[in-house]
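Heads up: the structure comes next, in structure tokens.
The values are calculated or read from the model by the stated rules, or taken from the named source; none is laboratory data. Only a predicted model underlies this, so the values are computations on that prediction, with no experimental measurement involved. Quick reminder, even Gly has a Cβ in these numbers, built from the backbone with ideal geometry, and neighbours come from all protein chains shown.
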Ligand code: DI6
Ligand code: FE
């Protein structure tokens, strides 16, 4: 691109900015403007401060819309086949959970369906969920493996996630969650399965560039802290950051373990202890709260939000989109639930899907707030004030999305190869 005449590639005028810049609350700039060059934010500020003369190759009128950083859903299991609405309905009809589990229900039913699906079937099953997230302003999406639980099927899941990352206007970060559940063929042999995860699966998948981070389910119904630590050690050997499903159903000390490995995030955290909070604060590990799972499981123990605030632990919010405990594909509803259920403020909820979600993925140098030099990655909203994003339930006011300085085509264009 020739920059000799125009400073910028594109300029958005008549927008109200919520920059989410660290320490500035919403970072509101009313009657603002924002400019992009080479995919990065080149200028932003009040319209009155705009330089005169030829400015940008393209000028867009934002029509007074609010413009925020693109939303980042930093914890999802959006790639899977089948669903579990049948089990959910059976439970509501009084069938005991044990009977459902005995009949092959629960997480292993999703493993079975995911293993049985071809690459293309798995992609097609996952795309509607991804499209729903994108329609509400998601520009960056974390997707975990963990329903394959053997090398070929974990690879298939991660390749589908990478393929989803080819959608225009979307960036995908993959997380290897081989230690999600014990596959049936390893029943009673959890340590041997962890051997397989560490010695075969993780090295092979990391070697193919399919893994951006490593996660595990550390829980009395998942893997022990010792097994989790073996996975973390192997991740570190491959130079990969770690994160953890921690203290969801019980306090296993998973947050401290994650902090010791310099983890990006510890997620769920309803049973998080004071020691866990202190360790996370010292290590800069983000607390990812997942109100959709709390809601769907009808949990009653709240995560210690005030103690996290007091300790200065950054708080992110995500959908946890998964078939068993959080069939949620709405980041805006996740924000609403974070406020109604966890008592986050609407500003904290928006920071949870922007700035702190970027931190939870290790992407804060480039994403999560509107600042010169960061990616030109944002969403425009037909709302009166930023708090409206967390306030309404079921309304989607997303008017446009820009990723890397380019407007994401609307509607049908969110399809692959469109
Ligand atoms: N914690 C959860 O809530 C989900 N995974 C996890 O580690 C449950 C996933 C599922 O039930 O399919
Ligand atoms: Fe999860």
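Going residue by residue through the stretch 386-394, is there one that turns out to be crowded, with 22+ Cβ neighbours inside 10 Å, more than 16 Å from ligand 2 (Cβ to nearest atom) and under 26 Å from residue 125 (Cα atoms)? Scanning the stretch 386-394, I find no residue that is crowded, with 22+ Cβ neighbours inside 10 Å, more than 16 Å from ligand 2 (Cβ to nearest atom) and under 26 Å from residue 125 (Cα atoms), so the answer is no. Residue count for the stretch 240-251 under the criterion of being farther than 17 Å from residue 178 by Cβ and surrounded by fewer than 24 Cβ atoms within 10 Å (Cβ to Cβ): the result is 3. Within the stretch 56-82, the set of residues being more than 16 Å from ligand 1 (Cβ to nearest atom) and over 20 Å from residue 9 (Cα atoms) comprises 64, 65, 66, 71, 72. Does the stretch 136-146 include one or more residues that are within 16 Å of ligand 1 (Cβ to nearest atom), in a loop (DSSP other than H, G, I, E, B) and in contact with a strand residue (DSSP E or B) (Cβ under 9 Å, 6 or more places away or on another chain)? Looking for residues that are within 16 Å of ligand 1 (Cβ to nearest atom), in a loop (DSSP other than H, G, I, E, B) and in contact with a strand residue (DSSP E or B) (Cβ under 9 Å, 6 or more places away or on another chain), one finds at least one in the stretch 136-146, hence yes. For the criterion of being surrounded by fewer than 18 Cβ atoms within 10 Å (Cβ to Cβ) and over 30 Å from residue 129 (Cβ atoms), residue 61 passes. For residue 221, the criteria (1) more than 15 Å from ligand 1 (Cβ to nearest atom); (2) more than 20 Å from residue 143 (Cβ to Cβ); (3) surrounded by 12 or more Cβ atoms within 10 Å (Cβ to Cβ) hold in every case but one, which is (1).
Yes or no, residue by residue, for (1) surrounded by 18 or more Cβ atoms within 10 Å (Cβ to Cβ); (2) at pLDDT below 95; (3) under 14 Å from residue 349 (Cα atoms):
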position: 287; (1), (2), (3): yes, no, yes
position: 291; (1), (2), (3): yes, no, yes
position: 295; (1), (2), (3): no, no, no
position: 309; (1), (2), (3): no, no, yes
position: 321; (1), (2), (3): yes, no, no
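Of everything listed in (1) within 16 Å of ligand 1 (Cβ to nearest atom); (2) not in a helix (DSSP H, G or I), the single unmet condition for residue 166 is (1). Just give me the residues in the stretch 89-120 being over 17 Å from residue 146 (Cα atoms) and either within 16 Å of ligand 2 (Cβ to nearest atom) or assigned to a helix (DSSP H, G or I) (or both), in sequence order. Answer for the stretch 89-120, where residues must be over 17 Å from residue 146 (Cα atoms) and either within 16 Å of ligand 2 (Cβ to nearest atom) or assigned to a helix (DSSP H, G or I) (or both): 89, 90, 91, 92, 97, 98, 99, 100, 101, 102, 120. Filtered by the rule that a residue be touching a residue at least 60 places away in the same chain (Cβ under 8 Å), crowded, with 22+ Cβ neighbours inside 10 Å and on the phi > 0 side of the Ramachandran plot, the stretch 138-178 gives a lone residue, 146. For residues that are free of Cβ contacts under 8 Å to residues at least 40 places away in the same chain and farther than 21 Å from residue 265 by Cα, scanning just the stretch 198-208, find the one that is farthest from ligand 1 (Cβ to nearest atom). The selected residue is 207.
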